[in-house]
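Asker: Next up is a structure, given as structure tokens.
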Amino acid sequence: MLLSILTSLAFACQAPVAPTLVVEGGDGVTSINGVTVSSEFGPIIGEEKAVLTSPPNVPAPIDRNHPTKLIVDLEVLEFIAPIADGVDYTFWTFGGTVPGSFIRTRVGDVVEFNLHNNPSSKMPHNIDLHAVTGPGGGAAASFTAPGHTSQFSFQVTNPGLYVYHCATAPVGMHIANGMYGLILVEPAKGMSPVDKEYYIMQGDFYTEGAYGEAGLQPFSMKKALQEIPDYVLFNGSVGAMVGDKAITAEVGESVRLYVGNGGPNLVSSFHVIGEIFDNLYVEGGSLVNHNVQTTLVPAGGSAIAEFEVEVPGTFIIVDHSIFRTFNKGALGMLKVTGPEDLLVYSGKQDDRIYQPEGGAVQEIPAAEAAKTPTTRTLEERMTLGERSYKVNCLACHQANGEGIKGAFPPLAKSDYLMADTKRAIDVMHKGLSGKITVNGVEYNGVMPKVNMNDDEIASVLTYIRNSWGNDGGKVTLKEVLEAKAAH
Ligand SMILES: [Cu+2]
């Protein structure tokens, strides 16, 4: 078969002239260095330049019903860019993004791969594509010094979604710096049509400074060896897929996510909060599972998840190893717009008193209320409020009150919080959703209504209005009760 000829030519012959692949016209005759070869996938007809896309975009589906010679030009670029707000990192990339450009092929295609290493690079790089059958997945054939281009070719023989990555020593460091991406090999019949397709790839990052520590952060080999990342990210930076950059769909549409995990170390428990994967191509292969909540995506592996969106809202995309989501950045958003379907999802219908022990305990809330002093000192409120904050708010707004950029607004020095006490009380009683502006930055998330009594609300608001540089004075129980009565 073609592949074996290619491989033997590429690796057995050390001739100074590289083998050249020639595809002749519409008759599908293919030759390599003048030797005619045939393909078990039918004649290889014509040639095309591959369209490459940056995440979260995916090239259009392939409508060819035959293999072709597909020319891929991928450039390695090294540069400094934000990994989080105020934090810079030196990324090494395939095509200028993390993850690298998405490559879309059809089974049987012969890919002529040109790996360009930009002259400004400091390092040599190469590429190991898991879609390649051959030693190193192309690594040896593609080893490229700065300012050089390597060319090699391979046939994609197995349909599926494959990871590619740099495999230049130290391999772990090249991957940790962002050198990975996905190559899709469509089956002969193509992928089934869907309304929206997106490209999401997870990676773990190791920096000298802790999560969020400002400035240019060098790679930490020590933390990488210990496998304790500071950042776990979708598409290369904190907030790469939230707010304005969220992926979108409309009610009734079908969505397909091409999901990869570059690692270098962690396995992802990939989950979309509030969705169920109708179809899940396990590990990016041909086995299709159905009705899946969370799928494991190994380092150097992938999955294809398909689902229909039935109701509007913001669906949070997470690694369900959940500290990574709320504390290390692995949080994306799918925003769905369109009409509600109250049968599929009602929203909150009622909130009533729950008394598992029956009517006999009915006095307890009243007795508690009586015990609750209507006046507490500022100090008392601060102590109680801090405790409530840690239990009820910290996961989203963070210990330092700074929130998470693009997802959870800051409470520290928040103009929104400080401007209006009654409004802040309403946020506690009713929750908050829709567009708000905090310190000039727009947020459009959902804060659930808090499960706290009015005394606790007075304390937690006192705490947040008097911490992290805020100077707002005491919030009294009376104010909380008045605001509630005004609803
Ligand atoms: Cu590299």
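Asker: Report the Cα-based extents of the stretch 259-311 along its three principal axes, largest first, to the nearest Å.
Answerer: Cα spread of the stretch 259-311 along its principal axes, largest to smallest: 35, 24, 11 Å.
Asker: What is the dipole size for the chain, taken about its Cα centre, with +1 at each Lys and Arg Cβ and -1 at each Asp and Glu Cβ, in debye to the nearest 20? Please report the intermediate quantities before stating the final value.
Answerer: On the way: 33 positive and 53 negative charges, 158 e Å.
Computed about the Cα centre, the dipole is about 760 debye.
Asker: Going by average Cβ density within 10 Å per residue, which order do the peptides 148-155, 202-209, 306-313 take, highest to lowest?
Answerer: On the way: 148-155: 20.6, 202-209: 24.0, 306-313: 19.1.
The densest-packed peptide leads the list: 202-209, 148-155, 306-313.
Asker: Suppose R0 equals 25 Å. What FRET efficiency, 1/(1 + (r/R0)^6) with r the Cβ-Cβ distance, do I276 and A188 give to the nearest 0.05?
Answerer: Details: r = 29 Å, r/R0 = 1.17.
For I276 and A188, the calculated efficiency is 0.30.
Asker: Apply the Karplus parameterisation 6.51 cos²θ - 1.76 cosθ + 1.60, with θ equal to phi minus 60°, to every residue of the stretch 133-142 and state each ³J(HN,Hα) to the nearest whole Hz, in sequence, with x for glycine and proline.
Answerer: With coefficients 6.51, -1.76 and 1.60, one gets 9, x, x, x, x, x, 4, 5, 5, 10 Hz.
Asker: For the stretch 32-182, what D do you get in µm² per second when you plug the Kirkwood radius from alpha-carbon pairs into Stokes-Einstein at 25 °C and 0.890 mPa s? Don't jump to the answer; show the numbers that get you there.
Answerer: On the way: Rh = 16.0 Å.
It diffuses with D of about 153 µm²/s by this estimate.
Asker: Round to the nearest 0.05 the FRET efficiency obtained for H429 and F323 when R0 = 25 Å and r is the Cβ-Cβ distance.
Answerer: Values: r = 29 Å, r/R0 = 1.17.
Given R0 = 25 Å and the Cβ-Cβ separation, E is 0.30.
Asker: Further, regarding this structure: Where Rh denotes the Kirkwood radius from the mean inverse Cα pair distance, what is Rg over Rh for the chain?
Answerer: Values: Rg = 27.4 Å, Rh = 25.3 Å.
Dividing the radius of gyration by the Kirkwood radius yields 1.08.
Asker: Separate question: Using DSSP to call loops (not H, G, I, E or B), can you name the GluC sites (Glu not before Pro) in the stretch 35-76 whose Cβ has at most 11 other Cβ atoms within 10 angstrom? Walk me through the intermediate numbers first.
Answerer: On the way: sites: E40, E47, E48, E75; in loops: E40.
In loop regions of the stretch 35-76 (DSSP not H, G, I, E or B), the sparsely surrounded GluC sites (Glu not before Pro) are E40.
Asker: Taking N as the number of residues in the stretch 149-189, what is its Cα Rg relative to 2.2 N^0.38 Å?
Answerer: On the way: Rg = 13.0 Å, N = 41, 2.2 N^0.38 = 9.0 Å.
Here the answer is 1.44, to two decimals.
Asker: Tell me the net charge near S286. Cut-off is 13 Å between Cβ atoms, S286 excluded, with +1 for each Lys or Arg and -1 for each Asp or Glu. Could you put the intermediate results ahead of the total?
Answerer: Values: positive: K189; negative: E186, E283.
It works out to a net charge of -1.
Asker: Let me ask something else. Tell me, what does the Kirkwood hydrodynamic radius of the stretch 373-434 come to in angstroms if you use every pair of distinct C-alpha atoms? Don't jump to the answer; show the numbers that get you there.
Answerer: Details: mean 1/r = 0.0777 Å⁻¹.
Evaluated on the stretch 373-434, it is 12.9 Å.
Asker: Here is a further query. Charges only on Cβ, +1 for Lys and Arg, -1 for Asp and Glu: so what's the dipole of the stretch 183-289 about the Cα centre, in debye to the nearest 20?
Answerer: On the way: 6 positive and 14 negative charges, 45 e Å.
Here the stretch 183-289 has a charge dipole of around 220 debye.
Asker: To continue, here is another question. Quote to one decimal, in nm, the extra length available between N400 and V171 on full extension: 0.36 nm per residue of separation minus the C-alpha distance between them.
Answerer: On the way: separation 229, 0.36 × 229 = 82.44 nm, distance 3.62 nm.
Additional length available on full extension: 78.8 nm.
Asker: Okay, next question. Could you work out the helix-only [θ] at 222 nm for the chain, with each DSSP H run of four or more residues adding -39,500 (n - 2.57) and the total divided by the number of residues, to the nearest 500 deg cm²/dmol?
Answerer: -5000 deg cm²/dmol
Asker: Full-extension gain between S346 and N118, please, as 0.36 nm times their residue separation minus the C-alpha to C-alpha distance. Don't skip to the end; give the middle numbers.
Answerer: Working: separation 228, 0.36 × 228 = 82.08 nm, distance 5.37 nm.
In short, 76.7 nm is gained.
Asker: Okay, next question. Looking at the calculated P(r) for the stretch 205-348, what percent of the C-alpha pair distances fall above 21 Å?
Answerer: On the way: 4848 of 10296 pairs.
Cα-Cα pairs in the stretch 205-348 separated by more than 21 Å: 47 percent.
Asker: Go through the stretch 48-61 residue by residue and turn each phi into a ³J(HN,Hα) via Karplus (6.51, -1.76, 1.60, θ = phi - 60°); whole Hz please, and just put x for glycine and proline.
Answerer: Taking θ as phi minus 60°, the curve returns 9, 8, 5, 7, 10, 10, 8, x, x, 8, 10, x, 4, x Hz for the stretch 48-61.
Asker: Can I ask one more? Would you mind telling me the antiparallel percentage of the DSSP bridges in the chain, rounded to 5? It would help to have the intermediate numbers written out before the result.
Answerer: Values: 71 of 100 bridges.
Within the chain, antiparallel bridges account for around 70 percent of the total.
Asker: Given Y463, N444, L77, which one lies farthest toward the positive end of the charge dipole of the chain, if we put +1 on the Cβ of every Lys and Arg and -1 on the Cβ of every Asp and Glu?
Answerer: Working it through, the farthest residue towards the positive pole turns out to be Y463.
Asker: Would you mind putting 321-333, 383-395, 109-121 in packing order, based on average other-beta-carbon counts within 10 Å, highest first?
Answerer: Values: 321-333: 21.4, 383-395: 17.4, 109-121: 19.8.
Ranked by mean Cβ neighbours within 10 Å, highest first: 321-333, 109-121, 383-395.
A short reminder: the numbers here are calculations on the coordinates, not readings from a lab. All values derive from a computational prediction rather than experimental measurement. Positions of Cβ are generated from backbone atoms using ideal geometry, with glycine treated the same way; all protein chains shown enter the neighbour counts.
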